[in-house]
Amino acid sequence: MKDLDRLNQLTESHGELRPGHGMISGVIALSLAILCFLGVLAFHFPEYLTTPQLRKSYNVDVMRQLMLGALVLAGSISLYNIIRGRARWLALGAFTLIALTLALGGHKVPVNDFADGTPYIGLDWFILDLLGSTLIFIFIEKLFALRKHQPVFRPEWQTDFHHFIVNHMIVGFVLLATNLLVHKLFGWAANDGVRGWVQNLNFFVAVFLIVLVADLVQYWTHRAYHEVPLLWRLHAVHHSVKSMDWLAGSRQHILELIITRTLVLAPIYVLGFSKEVIDAYIIIVGFQAVFNHANVSVRLGPLRYVIVTPNFHHWHHSQDDAALDKNYAAHFAFLDHLFGTAVKSDREWPERYGVLGDYVPNGFLRQLAFPFRWKG
Ligand SMILES: [Zn+2]
Ligand SMILES: [Zn+2]
């Protein structure tokens, strides 16, 4: 029971994890064990726990190998820590979960034919994106750190991780909702002549155009979120992060997510871009949305007037007077220079992030309720 309490505390603690005590390796082993456990559940119930659009694009055998590797790695780490008495309670937690995963069939669970069109949560998307993002972005952040002393498990990481989990799990619902809304609201605007022209464009021209169109919509939507008080209630949640890193961008109210996606996808749908171009856009937006928040000292020299960099978006999150309601673009910085909303500061990086007055509460559920409760 005492060990369970300690595990519980771990998800709430705010301190930095120090190397040399089996804590960091223990957390890695436990995280991998949790992902393996979720993975085995997804093997058993693919119709409810995997994303139809996503599962077409990966090979299940590769997933099995990946899971086997993770099981072996997490198992060895926790065994070593148990034997050496390093944070034994943590290692035992991971080990128990690995045993449970193996008891449920581990990486060998056969996947039979299953029904399509069932309601689902995107567990596979969550597992793969969490693995991929942590590996890629923590590596980049260590290599090009802006704030070198900011730990990976910095204050309020739990809140942002909670947003990350929920946003990923409901990806299916969000896709469905935005798809329906886009077709219902903007179906009338589709024109065969324009769509034919767009589909014949050179791939790179089309990618440039899709990002430009998406960012133009994103710019004005984002600006409205700042300038219309009712919308600011939703967007304030995103701005309440006080530590910028790859996880910080996940903090976003779910309604904002749906509204913005619908509005950005509308012109993309109306203009009729090809699947390859849309896929390229999804990769670009997926990377940039995370990277722009990352704890990296990337400014790109003169290119920063063209492309949105972490520096550009960090300023958007700054509490400085000179930066309030500025730097709205998500891809092309020149949009803000064009519309006169670019931050002009003689300092390179902002000092403090967050909402002036710090009135947004911490915690996922409180932030979900915040727009409806705030009396400001
Ligand atoms: Zn904003
Ligand atoms: Zn942001």
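Using a 1.4 angstrom probe with every protein chain in place, what is the largest-first accessible-area order of Phe312, Phe37? Write out the running numbers ahead of the final one.
Working: Phe312 15, Phe37 50 Å².
Greatest to least solvent exposure: Phe37, Phe312.
Which is the longest part of the chain that has none of the trypsin sites (Lys or Arg not before Pro) sitting in a DSSP loop with at most 13 other Cβ atoms within 10 Å?
Values: sites that count: Lys56, Lys148, Lys344, Arg347, Arg352, Lys375.
Segment 149-343 is the longest.
Would you compute, from DSSP H runs of 4+ residues alone, the mean residue ellipticity of the chain at 222 nm, taking -39500 (n - 2.57) per run and dividing by the full residue count, rounded to the nearest 500? Working shown, then result.
Numbers: 17 runs with 232 residues, N = 376.
Rounded to the nearest 500, it is -20000 deg cm²/dmol.
Quick one: longest stretch of the chain between exposed loop GluC sites (Glu not before Pro), exposed meaning at most 15 other C-beta atoms within 10 Å and loop per DSSP? Could you put the intermediate results ahead of the total?
Details: sites that count: Glu12, Glu16, Glu348, Glu351.
Excluding the exposed sites themselves, the longest stretch runs over 17-347.
Which of the three applies to segment 170-304, rounded, prolate or oblate, going by the alpha-carbon gyration tensor with a ≥ b ≥ c and a/c under 1.5 meaning rounded?
Note, shape of segment 170-304 comes out oblate.
Between the alpha-carbon centers of segment 213-232 and segment 142-167, tell me the distance in whole angstrom.
26 Å
With the other protein chains left in place, how much accessible area per residue, in square angstrom, belongs to segment 236-339 at a 1.4 angstrom probe?
I get 36 Å² per residue for segment 236-339.
List, in order, the whole-Hz ³J(HN,Hα) value for each residue of segment 229-246 obtained from phi through the Karplus relation with A = 6.51, B = -1.76, C = 1.60 and θ = phi - 60°; use x for Gly and Pro.
Once rounded to whole Hz, the list reads x, 5, 6, 4, 3, 6, 6, 4, 4, 4, 7, 7, 5, 9, 10, 8, 7, 4.
Heavy atoms only, 1.4 Å probe, whole protein assembly: order Tyr281, Tyr219 by accessible area, highest first. Don't skip to the end; give the middle numbers.
Working: Tyr281 20, Tyr219 0 Å².
The ordering from most to least exposed comes out as Tyr281, Tyr219.
When the accessible area of segment 161-221 is split by element with a 1.4 Å probe, what percent falls to carbon and sulfur?
Values: 2540 of 3490 Å².
Solvent-exposed carbon and sulfur of segment 161-221 make up 73 percent of the total.
Give me the extension gain from Leu73 to Leu212: residue separation times 0.36 nm, minus the current Cα-Cα distance, reported in nm with one decimal. Mind dumping the intermediate values first?
Numbers: separation 139, 0.36 × 139 = 50.04 nm, distance 4.33 nm.
Roughly 45.7 nm would be gained on extension.
Would you please state which residues of segment 343-376 a label at Arg147 would reach in this model, taking the label point 7 Å out along Cα→Cβ and a backbone N cut-off of under 14 Å?
Label zone hits: 349-355.
Tell me whether the chain comes out rounded, prolate or oblate; compute the Cα gyration tensor, take square roots of the eigenvalues as a ≥ b ≥ c, and use a/c under 1.5 as the rounded threshold. Don't skip to the answer; put the middle values down first.
On the way: a/c = 1.89, a/b = 1.29, b/c = 1.47.
Since a/c reaches 1.5 but b/c is at least a/b, the shape of the chain is classed as oblate.
The values are calculated or read from the model by the stated rules, or taken from the named source; none is laboratory data. What you see is a predicted model; the values in this text were computed from it and never measured. Note that each Cβ is placed from the backbone with ideal geometry, even for glycine, and that neighbours are counted across all protein chains shown. Remember, those area values only see protein heavy atoms, side chains included, never the ligands or the DNA or RNA. Shrake-Rupley method; radii C 1.70, N 1.55, O 1.52, S 1.80 Å.
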